[in-house]
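One structure is given here, and the rest of the page talks about it.
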Amino acid sequence: MKVWHVAGVTGSELESILAEPARRLRAGEVIAFPTETVYGLGANAWDETAVRKIFAAKGRPADNPLIVHIAHESDLDGVVANPSTIPEPARRLMKAFWPGPLTLILPAHEKLATAVHPGMDTVGVRMPDDPVAHSLIAAAGCPIAAPSANSSGRPSPTTADTVAHDLADRIDGLVDGGPCIVGLESTVAAVTDNEGIVYRPGWITPEELAEVAGVPFRLDPHLEGGGETPRSPGMKYRHYAPDAKVSVWWGETEKVVEAVQEFSTATKQGDLTGGPDQGDHAGGADQGDHVTASGQGGPRLAIICPADFPVIEGVTERWSPGTDEPYETGLSRELYSRLRWADDVDADFVLIVGVPPKGHGLALMNRLQKASEGRLFHV
């Protein structure tokens, strides 16, 4: 795997460095690259063989669709069928949020590889707000199909090192542009002249979409998966999960502290169901039988929480985002790297203090729902 280091590089020097990975993308190779959300694993969206290499590298289910990335609105030609018929509300969203972390589901052009949109006549399209991604896609001269650049089911990568950890021996190249600034995948939505549907929450909220588009937005009822063909990545399969078991609590601070301490105490005492009542469970199985990561001593517990959260007895590792921004902002940006950190410190359980699932917290809690396999507790 070849690596191109471009963090902090701009202008003609950036274009010069990106000429090679752009050429290799156009020729059918698979190259990882940074965006503002997470690192993507890119291939020429018009090349069926190249796109299928993405699925092989990630171990990705074949029915999980890919998002196509473009550099300019004119690139919709060859990606979207009849771009002139795109509804006006969608045009408003493009004008307001492109480039940015918004994917719009639109009619797919016949030129796209079928593996990009398996079994569907639509495709997700977005324009990244990252200078490296923009320059790379523009130089490639073709739309780039790209899911997150990680092994399927693992936490998404927000640094080049994480991409290399998962995929170094499976892909052709990696453009290292430094850490991602948003940290959660894009909002995925579809909109008509009458209404909009959010298929995957992201940093752009349903309320923001509705205000700009001028039509109401609702969450897709199949957001958590089910048996239907997924219209968006992240809908159907287990995602974002470390090896350690994740549990999440949110609600009144005092009750969250009490519930987390109760869980820690019960787990240390060998009751791996986490003790008595943990509040309203959002779904999923109990903790079940679990062998410690270290193979010795008691279970190792790590906690992810606000900086002012009280010390929890029995927790061996702790991380908090900085206090110069809202907790949900710092946690969103660092969530995936912290889930991997939990494995690095050999944690058996990760205890996470969540946030109300509204506004920007909706996307964060959606990812935590997936990472915890439903072990969310409202207390």
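The table for this structure:
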{"item": "Any hit, the stretch 330-346, residues being outside any helix (DSSP H, G or I) and crowded, with 20+ Cβ neighbours inside 10 Å", "result": "no"}
{"item": "Strands (runs of 3 or more DSSP E) wholly inside the stretch 173-244 containing at least 1 residues that are under 24 Å from D161 (Cβ atoms) and modelled with pLDDT of 95 or more", "result": "173-176"}
{"item": "Residues (over 18 Å from T159 (Cα atoms) and over 19 Å from the mean Cα position of the chain (by Cα)) located in the stretch 324-349", "result": "D324, E325, P326, V345, D346, A347, D348, F349"}
{"item": "Any hit, the stretch 155-163, residues being part of a loop (DSSP other than H, G, I, E, B), hydrophobic (A, V, I, L, M, F, W, C), in the same structural domain as G124 (by TED's automatic domain parsing) and out of contact with any helix residue (DSSP H, G or I) (no Cβ under 7 Å at 6 or more places or on another chain)", "result": "no"}
{"item": "Odd one out for R154, checked against (1) in contact with a Phe, Trp or Tyr (Cβ under 8 Å, 6 or more places away or on another chain); (2) of a type in the set (D, E, K, R); (3) free of Cβ contacts under 8 Å to residues at least 40 places away in the same chain", "result": "(3)"}
{"item": "Cross-chain or 6+ apart pairs with Cβ under 9 Å, the stretch 184-208 first and closer than 13 Å to R126 by Cα, then part of a loop (DSSP other than H, G, I, E, B) and aromatic (F, W, Y)", "result": "S186/W203; T187/W203"}
{"item": "Some residue of the stretch 89-110 being assigned to a loop (DSSP other than H, G, I, E, B) and among the basic types (K, R)", "result": "no"}
{"item": "Among (1) of a type in the set (A, V, I, L, M, F, W, C); (2) under 30 Å from G8 (Cβ atoms); (3) outside any loop (DSSP other than H, G, I, E, B), the one test that V123 misses", "result": "(2)"}
{"item": "Selection within the stretch 360-370 - modelled with pLDDT of 95 or more and over 15 Å from S247 (Cα atoms)", "result": "G361, L362, A363"}
{"item": "Scope the stretch 349-379; condition part of a loop (DSSP other than H, G, I, E, B) and either crowded, with 22+ Cβ neighbours inside 10 Å or of a type in the set (A, V, I, L, M) (or both); matching residues", "result": "G354, V355, S372, R375, V379"}
{"item": "Output for the stretch 1-35, where each listed residue is farther than 19 Å from I181 by Cα, among the β-branched types (V, I, T) and touching a Leu at 6+ places or on another chain (Cβ under 9 Å)", "result": "V3, V30, I31"}
{"item": "Of the criteria (1) under 22 Å from the mean Cα position of the chain (by Cα); (2) surrounded by 15 or more Cβ atoms within 10 Å (Cβ to Cβ); (3) closer than 29 Å to S337 by Cβ, which one L106 fails", "result": "(3)"}
{"item": "Close pairs (6 angstrom Cβ cut-off, 6 or more residues apart or separate chains): assigned by TED's automatic domain parsing to the domain that holds L335 in the stretch 351-369, acidic (D, E) anywhere", "result": "V355/E328; H360/E328; G361/E328; L364/E328"}
{"item": "Of all residues making up the stretch 24-52, the number that are within 20 Å of the chain's Cα centre (by Cα) and farther than 15 Å from C142 by Cβ", "result": "8"}
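The values are calculated or read from the model by the stated rules, or taken from the named source; none is laboratory data. Everything numeric in this text was worked out from a predicted model, so none of it was measured. Here Cβ is always computed from backbone atoms with ideal geometry, including for glycine, and neighbour counts include all displayed protein chains.
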